[in-house]
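Derivation of every value follows stated rules applied to the coordinates shown; laboratory data play no part. Everything quoted here is computed from the prediction, not taken from an experiment. Virtual Cβ from ideal backbone geometry, glycine too; neighbours counted across all protein chains shown.
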Amino acid sequence: MCVAGARWVQSDILDVHPEAPVKVYAVSYEMLGGDRFAKWLVDPSDDLISDARALHFWDDDKAIGRYYEDKVTRLGQPGEERIEWDAYFLYGPDTTWSNDPPEPISWGRTIVDTREQFREDFETLMRELSSMSDGAR
């Protein structure tokens with residue numbers, strides 16, 4: 001996830017929806033020369049993703065990027081090694097995982113380029129969850 005995308009997720013998704021029952025898994029790895037592990041250490045004074053609902057992971061081997069490219073986005077040519085990065089994957093609360101990842105409700109890359117779709121799909125999911133919980137009362 002790039003710095004601008006991380007800041008956007010914090011300011012425009014998590015800060016706007018402080019009560020949303022979500023978990024954010026932020027997986028980072030070095031794709032560009034300036035990407036370094038130290039930059040991604042959680043520091044409450046930074047303006048990246050500091051929300052308590054977010055879990056941060058550093059992936060030196062870029063295994064998750066390779067996995068998502070191979071199993072979900074499949075944007076590369078056969079035989080071409082590609083790594084998915086600076087992307088989001090939105091899953092619902094009833095999603096179950098097996099050996100292969102389930103189909104996401106929505107995904108996009110880059111986060112900044114697809115932020116309006118991300119916001120729209122996230123807010124739709126939040127409305128659906130709210131109406132489900134209202135109906136259960």
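Give me the percent of DSSP beta bridges within the chain that run antiparallel, rounded to the nearest 5. If I count the DSSP bridges inside the chain, around 45 percent turn out antiparallel. Taking amide H as placed 1.01 Å from N in the peptide plane, the amide H of S106 sits under 5 Å from that of L90, each at least 5 places away or on another chain.
The phi-based Karplus calculation (6.51 cos²θ - 1.76 cosθ + 1.60; θ = phi - 60°) puts the 3J(HN,Hα) values of segment 98-103 at 9, 5, 10, x, x, 5 Hz, whole numbers, x for Gly and Pro. Axis of helix 115-135 versus longest Cα principal axis of the chain: the two differ by about 40°, to the nearest ten degrees. Taking 0.36 nm per residue of sequence separation and removing the Cα-Cα distance, the S133/F57 pair yields an extension gain of 24.2 nm. With unit charges on the beta carbons (Lys and Arg positive, Asp and Glu negative) and the dipole taken about the Cα centre of the chain, which residue among P104, Y25, M132 sits farthest to the positive side? The listed residue farthest towards the positive side: M132.
When you restrict to C-alpha pairs under 8 Å that are six or more residues apart and normalise by the size of segment 3-135, the relative contact order lands at 21 percent. The string of couplings for segment 10-19 from the Karplus curve (6.51, -1.76, 1.60, θ = phi - 60°) is 5, 7, 9, 10, 6, 5, 6, 10, x, 9 Hz, one whole number per residue in order, with x for Gly and Pro.
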